[in-house]
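Working notes, structure below.
A short reminder: the numbers here are calculations on the coordinates, not readings from a lab. Note that the coordinates shown come from a computational prediction; the quantities given were computed from them, not determined experimentally. Cβ placement follows ideal geometry from the backbone for every residue including glycine, while neighbour counts extend to all protein chains displayed.
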Amino acid sequence: MELLKQLCETAGISGFEERIQKLVKEELQKVADEVKIDKLGNVIGIKKAKGKNRNSSPKKVMLAAHMDEIGFMVSFVDKDGFLRFSPVGGFDPKTLIAQRVIVHGREDIGGVIGSKPIHILEEEERKKPPKIKDLFIDVGLNKEEVSKLVKPGDFVTLDRNFKELNDKIITAKAFDDRVGVYIMLEALKQIKDYEVDIYAVATTQEEVGLRGAIVSSFSIEPDVGIALDVTIASDLPGIKEEEVITSLGGGVAINLMDSYTISNKKLVDFLRKIAEENNIKFQTDILLGGGTDAGAIQRSKTGVPVCTLSVPTRYVHSVVEMCHQEDIENSVRLVVKFLENAHKEEF
């Protein structure tokens, strides 16, 4: 889990992925035959087909896991040194109050997200849900001091460490989607004989419109695409049985449909078959409140058969995202077995 911890704690919001990009490039160089970075910042690791029966024109399989996380951009420094900010990616404002942040200006400085104290709110104000426009970042410095370090356009990340709650459950910010990047890297480490060319892509700017996957899939022209991401684990109090999307500990999730994509049926059936034959615990999910890089890959050029494999995650887009280690391990196993058998099927 040390690599996953490092991935989660490295800063890199959409459009400002340089730090996480550097780490991912270093890790991909250990397991890929070639690594390159395209103009949008996607890190692309290429692992050429090997094995006794490989042919001269192997199938191209694209794995995509986005390395960007949600965060903020400084939009204004007021007369007292408080920072106003704009969200980069989707947030539920109620999860932000009283959180610690890191402002990545001329140097990294700590701060907290503040709001008007409840003790001085009017009765009507107390009834209203918080809005991001009413929040601010307090770094404990005056306007003159802040202006030497921070300017509009600097990016801000939430500050929360990776933690193992017990021998099964882990929590951190940015599992979405550093856990997908981790699965991709681990699968490339573990794979043995395979007869496809693997394009492992750590994509940029997924949280603001699948932008990195659009660009990278266009240049790669894959024959099949697998997005690696998180999905909603909604096995929580107050959720009806029929409304549960996935359950923590229920296994890797094979996506059937989301807001952007209907997964290729032959590919879904093939993944199910592989999981069953190899005793890999899995579940299926339909997520109509979000999407993944699969939606971009599917629409590339003349079209690509795609599916998403996801890790069930509670409290997505918060600093306490929660995963089950066995779900992560099952995800790695399914990706490995898929890559080792992908040449056998036409999708």
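Using Cβ point charges alone (K and R +1, D and E -1), the dipole size of segment 71-158 about the Cα centre works out to roughly 160 debye. Computed over neighbours whose Cβ is under 12 Å from that of residue 245, the net charge equals -4, Lys and Arg +1, Asp and Glu -1. Potential lengthening of the chain between residue 190 and residue 79 amounts to 34.5 nm, from the contour at 0.36 nm per residue minus the alpha-carbon distance. Rounded to the nearest 10 degrees, the inclination of helix 265-277 to the longest alpha-carbon principal axis of the chain is 80 degrees.
For a quick check, take a GNM of the chain with Cα springs below 10 Å and name the residue from 240, 173, 25 with the largest mean-square fluctuation. Largest GNM mean-square fluctuation: 240. Residues 179, 319, 101 in ascending order of nearby Cβ atoms (within 10 Å, fewest first): 319, 101, 179. Across every pair of non-identical alpha carbons in the chain, the mean reciprocal distance, once inverted, gives a Kirkwood radius of 20.9 Å.
Counting every other Cβ atom within 10 Å of each residue's Cβ, 96, 271 order from fewest to most as 96, 271. Across segment 231-347, the relative contact order, built from alpha-carbon pairs under 8 Å that are at least six residues apart, equals 33 percent. Within the chain, antiparallel bridges make up roughly 60 percent of the DSSP beta bridges whose residues both belong there. In segment 71-158, Cα pairs under 8 Å separated by at least six residues give a relative contact order of 46 percent. Farthest towards the positive end of the charge dipole of segment 71-158, among the residues 89, 152, 142, is the Cα of 89, using unit charges on the Cβ of Lys, Arg, Asp and Glu.
Between the C-alpha center of segment 215-260 and that of segment 165-200 there is a gap of 15 Å.
Highest GNM mean-square fluctuation among 24, 252, 201, for the chain modelled with Cα contacts below 10 Å: 24.
Remark: relative contact order (segment 52-93) = 31 percent; criterion is Cα-Cα distance under 8 angstrom and separation of 6 or more residues.
From the alpha carbon centroid of segment 325-346 to that of segment 287-311 is 17 Å.
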